[in-house]
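The values are calculated or read from the model by the stated rules, or taken from the named source; none is laboratory data. Because the structure is predicted, anything quoted here is derived from the model rather than measured. Every residue, glycine among them, receives a Cβ derived from its backbone with ideal geometry; neighbour counts consider all protein chains shown.
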Amino acid sequence: MYQNILKNQNKDDSKCEIIPQLETTFLLNKKNLNGAYKTFNSYRREYFEILQDLNVFTIFLNFNLESLNDKDVVKLNIMKDIDRMQKSVRNIDEVVQKINLSKKLNQVEVLDRLLRKESTYEYVSAPIQGEEDYLEFEVKIRSKRNMEDTFHVDNDKSFVYKEYIKGGVRFDFSIGTVFDFFTTDKKYTLTDENIVQRMNNNKFNPTIAAMFHASFRTPCNITYGVSLGTSFGTNFSFNSLFPGFSILFGKKNKFILTAGPSFRSVDELKSNYKEGLKLDSKIADEDLLTKNFRVGAFFGITYNLTQKQQSSMKFAQ
């Protein structure tokens, strides 16, 4: 931020917005510095010149009031005025010396040179090994010395900084809805005339599935991985298998899109029957069907149930 201000300091004020919080920020350049030090030197020179002129005037009065009749009264009044002026000049100088702008400007020059260097903002710690999803640092910025008696902006602050770890594999578990295509159940029944007739003609089969995901750790909000999911029937028997590729959105709370081939156990008409066939006797609908594994395709939208990302680290010995 300081370096950005330095880049903009020579621009027109109407085109350069100065951050209001930086009320005491010194924007330094060679011209301003030379002007400031010239003013400081000029003040000291003129201060001594004024005192010297008052002393010279006092000596002049002492040698030139002898010819006056009321010289003592006149001299007393004039000397009171001279003494008052000398005290006023010294009082002003005491205030100037207490403020000590020259020293403060010199300190600002030192800070300016430091703040222009990127190394000033760097802190090198001992080697850190991240063990989970991110590293969390609690940063506290404080003044190195007591500045209670100086004019300054209170810039002490504390904040938490997170650095997400790159590389490695993260495992997630999610649950959601899966749309299974080309592996729908084919239900059949017998009409009153004992003719085999299909009961449904679904194009896809929606189901609730649980999925396991393996993805690469990344600081981005989107990452890619491979997944393996499954769904179960009403009696909690194994029903489908969903291997595929996933796109994971988010860092902490993740929504996951997965697609790939599906392997599902479906109801189909037994091979010794066919649709439209007329049977000699009545049989139950279940006796018309058999279970077969078929290959199809699926698309799933699931939500991550894995514990939220964690911060864990250790310092190298």
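May I ask you to verify whether residue 269 is within 20 Å of residue 182 (Cβ to Cβ), among the aliphatic types (A, V, I, L, M) and in contact with a helix residue (DSSP H, G or I) (Cβ under 9 Å, 6 or more places away or on another chain)?
On the way: within 20 Å of residue 182 (Cβ to Cβ): yes; among the aliphatic types (A, V, I, L, M): yes; in contact with a helix residue (DSSP H, G or I) (Cβ under 9 Å, 6 or more places away or on another chain): yes.
Spelling it out, residue 269 is indeed within 20 Å of residue 182 (Cβ to Cβ), among the aliphatic types (A, V, I, L, M) and in contact with a helix residue (DSSP H, G or I) (Cβ under 9 Å, 6 or more places away or on another chain).
I'd like the full set of residues that are assigned to a loop (DSSP other than H, G, I, E, B) and free of Cβ contacts under 8 Å to residues at least 60 places away in the same chain, limited to segment 224-252. Give the steps one after another, and end with the answer.
Going through segment 224-252, the residues assigned to a loop (DSSP other than H, G, I, E, B) turn out to be 233-237, 250-252.
Of everything in segment 224-252, those that are assigned to a loop (DSSP other than H, G, I, E, B) and free of Cβ contacts under 8 Å to residues at least 60 places away in the same chain turn out to be 233, 234, 235, 236, 237, 250, 252.
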_Tell me yes or no: at least one residue of segment 36-51 is acidic (Asp, Glu) and at pLDDT below 85._
no
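To keep it simple, each residue is scored yes or no on (1) modelled with pLDDT of 75 or more; (2) more than 45 Å from the chain's Cα centre (by Cα); (3) in the same structural domain as residue 41 (by TED's automatic domain parsing).
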residue	(1), (2), (3)
71	no, yes, yes
77	yes, yes, yes
81	yes, yes, yes
87	yes, yes, yes
103	yes, no, yes
106	yes, no, yes
131	no, no, no
139	yes, no, no
*For residues in segment 253-274 being assigned to a strand (DSSP E or B) and in contact with a Lys or Arg (Cβ under 9 Å, 6 or more places away or on another chain), which is farthest from residue 306 (Cα to Cα)?*
269
*Would you tally the residues in segment 275-296 being loosely packed, with under 13 Cβ neighbours inside 10 Å, among the basic types (Lys, Arg) and not in a loop (DSSP other than H, G, I, E, B)?*
2
*asked:* Cβ-Cβ distance below 6 Å, separation of 6 or more or different chains: which pairs start in segment 282-294 with a residue that is closer than 19 Å to residue 205 by Cβ and end on one that is assigned to a loop (DSSP other than H, G, I, E, B) and of a type outside the set (D, E, K, R)?
replied: 294/183
*Do you know which residues across segment 163-186 are assigned to a strand (DSSP E or B) and touching a residue at least 60 places away in the same chain (Cβ under 8 Å)?*
164, 171, 172, 173, 174, 175, 176, 177, 178, 179, 180, 181
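Which of the residues belonging to segment 214-241 are more than 21 Å from the chain's Cα centre (by Cα), at pLDDT 90 or above, of a type outside the set (Gly, Ala, Ser) and over 22 Å from residue 290 (Cα atoms)?
The first filter runs over segment 214-241 and keeps only residues more than 21 Å from the chain's Cα centre (by Cα), leaving 214-216, 224-241.
So of that shortlist, the ones also at pLDDT 90 or above come out as 214-215, 224-230, 241.
From the residues that got through so far, the ones that are of a type outside the set (Gly, Ala, Ser) too are 224, 226, 228, 230, 241.
Matches in segment 214-241: 224, 226, 228.
Mind listing whichever residues of segment 81-102 are within 21 Å of residue 31 (Cα to Cα) and either exposed (fewer than 11 other Cβ atoms within 10 Å of the Cβ) or touching a residue at least 40 places away in the same chain (Cβ under 8 Å) (or both)? Steps first, answer last, please.
First, pick out the residues of segment 81-102 that are within 21 Å of residue 31 (Cα to Cα): 100-102.
Selection gives 101, 102.
Considering only residues that are among the charged types (D, E, K, R) and without any contact (Cβ under 8 Å) to a residue 24 or more places away in the chain, which ones fall in segment 198-223? Let's see the steps before the verdict.
Just the residues of segment 198-223 that are among the charged types (D, E, K, R), to begin with: 198, 203, 217.
Matches in segment 198-223: 203 only.
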